[in-house]
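See structure below.
The values are calculated or read from the model by the stated rules, or taken from the named source; none is laboratory data. Remember, it's a predicted structure, so these values are computed and weren't measured experimentally. All Cβ positions, even for glycine, are placed from backbone atoms using ideal geometry, and neighbour counts span all protein chains on display. Accessible surface is based on the protein model in full, side chains and every heavy atom, while ligands, DNA and RNA are left aside. Shrake-Rupley method; radii C 1.70, N 1.55, O 1.52, S 1.80 Å.
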Amino acid sequence: MFRSRVIPIHKHMDHESQLRQLGLFDARVPRYTSYPTAPQFSPSVSPRQADDWIRAVPADARISLYLHIPFCRRLCWFCACRTQGTQTLEPVAAYTETLLTEIAMLRERLAPGVRLSRLHWGGGTPTLLSPDLIQRLAGTIHDSFPLDDGAEFSVEIDPSEIDDARMDALAESGLTRASIGVQDFDPMIQKAIGREQSFEITAKAAQMIRDRGIRSLNTDILFGLPHQDKRRISDTVQKLLALNPDRVALYGYAHVPWMSKRQVMIPSETLPNSESRLALFETARDLFLADGFEEIGIDHFARKDDGLAIAARTGHLRRNFQGYTDDRAPILIGLGASSISRFPQGFAQNAPATGAYQAAIRAGRLSTTRGHAFTDEDLWRSRMIEALMCDFRINSAEMTHDYGLAPAQLAELFAPVREKFGDMVQIDADGLSIPDRARPLTRMIAMAFDAYTVHAKGHSPAI
């Protein structure tokens with residue numbers, strides 16, 4: 001996003017007025033972690049088609065593997081993820097058995113020699129798993145799909161659901177990157193979003209990670225939360241910096257109670273307006289930059305020696321369902337309820353409901369319920385949108401060389417974007433780019449290259 005601290009006040013006000021005129025403070029647009037986006041998925045992709053796509057993965061290919069653990073001891077009100085509450089480990093253990101079966105099914109279908117570029121466990125709360133389940137699940141994966149050179153194994157860790165035994169199990173299983181969700185450290189805000197997690201317990205979890213030699217720590221915080229103001233988010237960022245994370249994701253809270261029923265617990269009148277959301281982002285952003293972080297895409301920050309920062313500098317930054325990544329594997333396979341896979345041929349999503357997912361896997365069939373088969377147009381539009389989200393530019397030479405688009409076709413695509421956004425985009429012989437001051441508009445500009453109908457109700461605010 002743009003560097004507000006170097007813009008004089010009167011220019012800042014003019015700039016904010018321009019952003020307002022372009023609709024930034026009213027728009028709701030996709031986050032573009034995929035293209036086409038998930039609302040475009042349909043039942044047209046069947047388990048049989050997903051089976052064909054898996055079997056078509058070349059021998060010796062590098063793939064990424066994502067495992068979804070949909071259980072939480074507590075259901076935070078702000079969260080819109082596919083999760084369910086549990087007070088016992090019985091359903092977690094049963095679900096893990098199903099995951100082990102799905103891993104065996106995947107191993108049987110994949111050609112020999114496939115290696116893992118990335119392994120990530122998300123949720124939910126993966127650290128609900130007991131130490132023996134952690135080791136069994138990780139061991140089965142490692143036996144089935146060896147890690148490639150330089151591969152990473154990352155897990156989302158809830159500081160309230162981690163102890164020495166589970167941390168030891170993760171470390172012994174080869175964990176290389178840990179991710180901690182913070183959201184905000186202010187007690188009033190934590191109570192308002194149903195996520196009470198003290199700085200002390202978070203710092204303890206971070207220390208447990210570092211003590212075991214885990215080389216990288218990711219953290220997530222949110223802006224746009226109830227009662228949040230500049231002072232509160234500044235305090236949260238300062239405390240977060242004390243944990244010395246290697247990467248930070250600064251996401252905008254999306255209040256969608258019509259989609260995530262638990263969010264009705266958060267009164268809408270306590271939420272900051274769009275102009276205030278931008279100010280909150282800018283406040284946190286300035287603090288991260290002042291501490292030496294490099295800005296990555298629209299909402300990430302990383303230390304200069306982190307893989308994400310290196311990828312951004314070298315033009316290898318990519319975007320997938322986990323957000324920004326330096327993973328270059330062309331295939332991502334998702335296991336578990338609601339998980340999404342990306343193959344060269346298209347997307348395939350498992351059954352969202354845990355019961356339906358488990359029933360399918362236990363019956364010996366894939367649980368794919370929907371997805372999207374790519375057209376040639378999907379592929380070049382997807383690359384344009386990803387390039388804007390990662391690099392803030394579309395390279396005309398790349399689109400011509402890799403996708404066969406003629407210069408006249410590119411000019412036709414760029415013209416309405418220039419007409420709508422004016423000098424907030426720059427177009428020349430090299431392509432289309434977004435200047436620093438226009439970066440708050442990135443998702444809106446990306447949407448101009450989306451050929452599908454976007455229904456605002458299903459998406460988050462543009463800022």
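Below are the figures for this structure:
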| item | result |
| --- | --- |
| Among (1) open to solvent by less than 30 Å² (accessible area, probe 1.4 Å); (2) farther than 24 Å from ARG319 by Cβ - the single one PHE392 does not satisfy | (2) |
| Where a residue in the stretch 277-300 is of a type in the set (D, E, K, R) and its partner, wherever it lies, is open to solvent by 30 Å² or more (accessible area, probe 1.4 Å), with Cβ under 6 Å and at least six apart | ASP286/ARG5; GLU294/LYS304; ASP299/TYR251 |
| Close pairs from the stretch 244-273: first within 30 Å of ILE214 (Cβ to Cβ), partner among the basic types (Lys, Arg) and in a helix (DSSP H, G or I), Cβ under 9 Å, at least 6 apart | ASN244/ARG210; LEU250/ARG285; GLY252/ARG277; TYR253/ARG277 |
| Residue list for the stretch 286-312, filter: in contact with a Cys (Cβ under 7 Å, 6 or more places away or on another chain) and open to solvent by 20 Å² or more (accessible area, probe 1.4 Å) | none |
| Among (1) surrounded by fewer than 22 Cβ atoms within 10 Å (Cβ to Cβ); (2) out of contact with any Ser or Thr (no Cβ under 6 Å at 6 or more places or on another chain); (3) among the aliphatic types (A, V, I, L, M); (4) farther than 30 Å from ARG215 by Cβ, the one test that LEU280 misses | (1) |
| Answer from GLU419, GLU398 - the residue that is among the charged types (D, E, K, R) and open to solvent by less than 60 Å² (accessible area, probe 1.4 Å) | GLU398 |
| Per-region count, the stretch 424-462, residues open to solvent by less than 40 Å² (accessible area, probe 1.4 Å), in a loop (DSSP other than H, G, I, E, B) and at pLDDT 95 or above | 5 |
| Cross-chain or 6+ apart pairs with Cβ under 7 Å, the stretch 308-322 first and modelled with pLDDT of 95 or more and outside any strand (DSSP E or B), then open to solvent by less than 60 Å² (accessible area, probe 1.4 Å) and of a type in the set (Gly, Ala, Ser) | LEU308/ALA302; ALA309/ALA302; LEU317/GLY297; LEU317/ALA311 |
| Members of the stretch 100-137 found to be part of a helix (DSSP H, G or I), touching an Asp or Glu at 6+ places or on another chain (Cβ under 8 Å) and open to solvent by 20 Å² or more (accessible area, probe 1.4 Å), listed by number | ARG109, PRO131, GLN135 |
| Matching entry among THR125, THR140 (being over 22 Å from ARG362 (Cα atoms) and either touching a residue at least 24 places away in the same chain (Cβ under 8 Å) or out of contact with any Gly (no Cβ under 7 Å at 6 or more places or on another chain) (or both)) | THR125 |
| Selected residue (criterion: farthest from the chain's Cα centre (by Cα)) from residues of the stretch 58-95 that are in a helix (DSSP H, G or I) and closer than 12 Å to GLY124 by Cβ | PRO91 |
